[in-house]
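The structure appears below as structure tokens.
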């Protein structure tokens, strides 16, 4: 049956049984584990062994072809290839999979940063850690034990303990990046990873205390993602025990159970590779986001504040909803977070932590995102939050607060209540809080506290005496490379001036065709399951005047696939239907840095449909038409562009052109031709194109 499943129309990478390569990798590790047990037990026939051999060989070829770099999914690809190596006893495959930059060693060393955290956030940390553990296990069966190296062993320990560094007081992980909200770390799927870590690392009081705290926590309610099949129909347990774990925990056989008394208490910590500052004081947990976006699962959460205190998650990160629901865009937006907005969006520019220091019941952290800084000072009963704009231009600075609980506002004070706990948000307009340029004063029943910010840190004058906080962190600027790399997308095209408007009737009438943009090579093709076969190519011509760009694209391909106006929706995740039909995507970077993008598809009546590409400025009304040709089709469009009004001959714009290739025997597009250079796969690209990859269009 495996070979009867076609490797076609997949969501993310080549696969036969599933819609994504990483699911094939997950499945293969389990199949080979079961087959290995059957073979060792003498109950797998020669015919059965041969079937497993064929499946393992085919699946390994599919998986090896689709290298996803440092993605969490690639961790599972490496684990699957290591399992294949163990099944066949292939030492060469085992060694190459182990030592590759994107293999088991590479992901252990570089996927998990110096603080032990996976770069894509807590949710994907646990997924990648599970894949890494399985990969390390298969490597051990082949005689390769990476944990014999003291440095790698210490780094693996950091990766196992990393979830404890950011865990909220209720032992859920913070819903940072693309994580789900309110997910307990005391689930069997996570507990068994920590148990295996205990088994492989040996006696470790910190790890034992962490695992004991998880076993002591109430068992989380099962849901569709986290329930074990063997729990079906059983009463919900009060807590979790070792027998609740899956057979994976057999990798931890022989390890004594942890003592019931926990003794675990999280510490305040700054995680440099995450850019996350965590301040813990009693039952209060505060964190500030001042790091990079976090890869493809990153959110616009610069300087986002999370606050959990008195058992209430007052200021949460909402995490992410379903990847196949339109609300995902909101979850990933800046407005969904408790971070400052500059003109309605997340501040631009480098983000880094400028200061972090915690001493007893006092602490402070300062993060910067471009022209905005956020300074948090924590005291025994209050938190001062100072947001500052340091730019020169007039901008609108806003600070959203997504406060939980029963909320009311009166007299400039916002009050929230949850059970017996309370939260008050007071503005610096007099009364108990005053703010100056480099100082704040907080008045409480115990007296006034004055915090002054200096070149060396923060000084705090309290009724009980002075305090001083340091922890300034210099900005680390990476060195400039000695050699500049010329990328394939460093491409330049010419757009002659259109003195007369072209016909725009699906012909080249009226176009100046002296300068051609070629999309004719394999290096310009983004593939899906099948590589470029040379049957799809294109040539384009761009003209311009002070009102619009005029674009003609001649596409050569065997079959033209046109989507009917009343075609039923495809319902393909968050991808628009129109990218899965023949058509083009056009992108322009204006002199002011703004980006416009337009998706154009063919209509059955010879006209065109158009819309703005995701994440770009809205497009004007696009006029155009297309006609069938002997070897494909020719589409001509007028793209209104106000920025052209102030430009003259010799000016240049960022530009890119993408041609979507649809085929009649597929539901999803087969690939894309990209003028600036393809270099990769078409999966999950939607209608997006990184502006950093745009070529240059010179106006003639």
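Numbers at a glance
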quantity	calculated
Among residues of segment 1-18, those that are closer than 17 Å to residue 72 by Cβ and either free of Cβ contacts under 8 Å to residues at least 40 places away in the same chain or assigned by TED's automatic domain parsing to the domain that holds residue 528 (or both), counted	1
Index of the failed condition, residue 675 passing every other in (1) out of contact with any strand residue (DSSP E or B) (no Cβ under 6 Å at 6 or more places or on another chain); (2) touching a residue at least 24 places away in the same chain (Cβ under 8 Å)	(1)
Sole residue being within 23 Å of residue 684 (Cα to Cα), in contact with a strand residue (DSSP E or B) (Cβ under 6 Å, 6 or more places away or on another chain) and part of a strand (DSSP E or B), chosen from 560, 635, 599	599
Residues of segment 228-241 satisfying the condition of being in a helix (DSSP H, G or I) and either within 30 Å of the chain's Cα centre (by Cα) or modelled with pLDDT of 85 or more (or both)	229
Out of 103, 89, 69, sole residue that is closer than 28 Å to residue 152 by Cα, out of contact with any helix residue (DSSP H, G or I) (no Cβ under 9 Å at 6 or more places or on another chain) and at pLDDT 95 or above	89
Selected residue (criterion: nearest to the chain's Cα centre (by Cα)) from residues of segment 339-361 that are over 16 Å from residue 288 (Cα atoms) and outside any loop (DSSP other than H, G, I, E, B)	345
Unique match (being touching a helix residue (DSSP H, G or I) at 6+ places or on another chain (Cβ under 9 Å), modelled with pLDDT of 95 or more and surrounded by fewer than 19 Cβ atoms within 10 Å (Cβ to Cβ)) among 509, 518	518
Unmet criterion (only one of (1) buried (at least 18 other Cβ atoms within 10 Å of the Cβ); (2) part of a helix (DSSP H, G or I); (3) out of contact with any helix residue (DSSP H, G or I) (no Cβ under 7 Å at 6 or more places or on another chain)) for residue 136	(3)
Residue match in segment 439-456 (condition: under 36 Å from the mean Cα position of the chain (by Cα), in the same structural domain as residue 315 (by TED's automatic domain parsing), surrounded by 13 or more Cβ atoms within 10 Å (Cβ to Cβ) and farther than 17 Å from residue 305 by Cβ)	yes
Within segment 513-549, tally of residues that are in a loop (DSSP other than H, G, I, E, B) and touching a strand residue (DSSP E or B) at 6+ places or on another chain (Cβ under 6 Å)	7
Boolean, residue 332 is surrounded by 23 or more Cβ atoms within 10 Å (Cβ to Cβ) and either under 16 Å from the mean Cα position of the chain (by Cα) or without any contact (Cβ under 8 Å) to a residue 40 or more places away in the chain (or both)	no
Residue match in segment 10-26 (condition: crowded, with 22+ Cβ neighbours inside 10 Å and more than 25 Å from residue 670 (Cβ to Cβ))	no
Among (1) more than 24 Å from residue 280 (Cα to Cα); (2) assigned by TED's automatic domain parsing to the domain that holds residue 286; (3) touching a residue at least 12 places away in the same chain (Cβ under 8 Å) - the single one residue 321 does not satisfy	(3)
Criterion (assigned to a loop (DSSP other than H, G, I, E, B) and touching a strand residue (DSSP E or B) at 6+ places or on another chain (Cβ under 7 Å)) met by exactly one of 615, 620	620
Qualifying residue in segment 111-121 (condition: in a loop (DSSP other than H, G, I, E, B), crowded, with 23+ Cβ neighbours inside 10 Å and out of contact with any strand residue (DSSP E or B) (no Cβ under 9 Å at 6 or more places or on another chain))	yes
Candidate set from segment 200-227 (those that are more than 28 Å from residue 138 (Cα to Cα) and in a loop (DSSP other than H, G, I, E, B)); member that is modelled with the lowest pLDDT	224
Segment 457-492 - residue that is within 30 Å of residue 524 (Cα to Cα) and surrounded by 14 or more Cβ atoms within 10 Å (Cβ to Cβ) and, of those, modelled with the lowest pLDDT	488
Residue match in segment 134-147 (condition: modelled with pLDDT under 95 and within 15 Å of residue 70 (Cβ to Cβ))	no
Any hit, segment 303-314, residues being at pLDDT 85 or above, over 25 Å from residue 420 (Cβ atoms) and surrounded by 14 or more Cβ atoms within 10 Å (Cβ to Cβ)	yes
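The values are calculated or read from the model by the stated rules, or taken from the named source; none is laboratory data. Everything quoted here is computed from the prediction, not taken from an experiment. Methodologically, a virtual Cβ is constructed for each residue, glycine included, from the backbone with ideal geometry; neighbour enumeration extends over all protein chains shown.
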